[in-house]
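The values are calculated or read from the model by the stated rules, or taken from the named source; none is laboratory data. Because the structure is predicted, anything quoted here is derived from the model rather than measured. Glycine gets a Cβ as well: all are built from the backbone with ideal geometry, and neighbour counts include every protein chain shown. Heads up: the accessible areas ignore ligands, DNA and RNA and are worked out on the full protein's heavy atoms, side chains in. Shrake-Rupley method; radii C 1.70, N 1.55, O 1.52, S 1.80 Å.
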Amino acid sequence: MSLVIENVAKTFGDHAALDGVSLEARQGEFLALLGPSGSGKTTLLRVLAGLERPDQGTVRFGGEDLLTMDARARRIGMVFQHYALFRHMSVAQNIAFGLEVRPASTRPSRTQISARVESLLALVQLEGLGGRYPAQLSGGQRQRVALARALAIEPRMLLLDEPFGALDAKVRRDLRGWLRRIHDETGLTTIFVTHDQEEALDLADRVAILRNGRLEQVDTPQRIYEAPASAFVFDFVGEGVQLPGDVADGMLIVEGWRTPAPADAAPGPVMMSFRGVDTDLLPPHAEGLPARKISVLQRGGSSRATCEVGGRTLVLEVPQSLAGLGFEVRVAPRTYLLHPR
């Protein structure tokens, strides 16, 4: 029951929203589609849901060709950013809607629908709120109702389009763990669209990063963070600094700093990428990249220094013994990545 997407393309006017995307989601996997606005992630989700028709490509789920099926026949549950709840219906009526509009031949009995609604209210931790209306709920509660409604039809796959985008930061964080538990309990293949890097890395089994309608990298959150496939992926996931440099005669030269290049580094222009957690703050006479210390925040036994390196901002943890260094300092990455420039 894996989802297989092959060479899917979709153009709107002169804009290629999807440009030959190929991707696979395993049965029961939580896959995040991550990328900036306009990267194509929501268009891909709408293709899966049957709300958009691609110009080319194939989409198969469990061996079936989804593109030959209408949206209802695909048995896919979808949750939108702005809930899309019916304001004139109670919570219970919203959840039951997908079951009640089924043809009479496949529609469960009223007793069965009622039991299904109560079961889902318990699953999303909204017991006793079935009689309320959406306007009487918080944003987080409304999003739980939207998820329960999507689950009511017993979908084979769950699609979530920026489901926490309309919520404040604290509610978003609270709902992350809850959503992951729901996924693990239901065992559904889940495709989750977000532009929030932290959200994707916290929730997903694997992350697919899109840019300008193309797939940049698909991997586990840890591999995405530790081994980004391109300078774009590094810059988009996590905080860090990228500086242009050159590899020549076995040396890496960046901002006037010369250091032995990795053995596998090809000669030529490169982009050096590194993060604050992998960087040391040093006195101005030490070997390293020239930097300017902007501020220091005391945090228990260590300090958090914000520095400017090559016109870019780098935040790194430093021992208190170095917190008193002047404005002019050096920084030395312990580990870094090189990508062709």
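A few notes on this one:
- Contour excess over end-to-end distance, with Cα ends at residue 73 and residue 168 and 0.36 nm allotted per residue: 30.7 nm
- 3J(HN,Hα) couplings calculated from phi for the stretch 195-207 with the Karplus curve 6.51 cos²θ - 1.76 cosθ + 1.60 (θ = phi - 60°) are, in sequence order, 10, 8, 4, 4, 4, 5, 5, 6, 9, 8, 6, 9, 10 Hz; Gly and Pro show x.
- For residue 27 and residue 135, the FRET efficiency from 1/(1 + (r/R0)^6), where r spans their Cβ atoms and R0 equals 35 Å, is about 0.35.
- Counted over the chain, the DSSP beta bridges are approximately 75% antiparallel.
- Candidate lysines for bridging to residue 10, where Cα separation is under 20 Å - those fewer than 8 sequence places away on the same chain excluded: 41
- Entry comment: accessible area of the stretch 66-119 is 61 Å² per residue, from protein heavy atoms only and a probe of 1.4 Å.
- Ordering of 38-47, 193-202 by packing [mean C-beta count within 10 Å, highest first]: 38-47, 193-202
- ³J(HN,Hα) computed for each position of the stretch 66-82 - Karplus, 6.51 cos²θ - 1.76 cosθ + 1.60, integer Hz, glycine/proline x: 5, 6, 8, 10, 6, 4, 5, 5, 6, 6, 10, x, 10, 10, 9, 4, 9
- For the stretch 274-285, 3J(HN,Hα) per residue [Karplus equation, 6.51 cos²θ - 1.76 cosθ + 1.60, θ = phi - 60°, Hz, x = Gly/Pro]: 8, 10, x, 5, 10, 10, 9, 8, 10, x, x, 8
- Sequence ranges 92-98, 102-108, ranked by mean other-Cβ count within 10 angstrom, highest first: 92-98, 102-108
- The overall shape of the stretch 136-212 is oblate: from the C-alpha gyration tensor, with semi-axes ordered a ≥ b ≥ c, the ratio a/c is 1.5 or greater and a/b is no larger than b/c.
- Among (1) 21.8; (2) 26.1; (3) 17.7, the entry that matches mean projected area of the Cα convex hull in nm² as calculated here: (1)
- Within the accessible area of the chain (1.4 Å probe), percent carbon and sulfur: 49
- Cα-based shape type of the stretch 1-71, given that a ≥ b ≥ c are square roots of the gyration tensor eigenvalues and the cut on a/c is 1.5: oblate
- At R0 = 51 Å, FRET efficiency that the Cβ-Cβ distance of residue 178 and residue 53 yields, to 0.05: 0.90
- Partner aspartates and glutamates whose Cα lies under 17 Å from the Cα of residue 170, excluding those fewer than 8 positions away in the same chain, are identified as 162, 196, 198, 199, 202.
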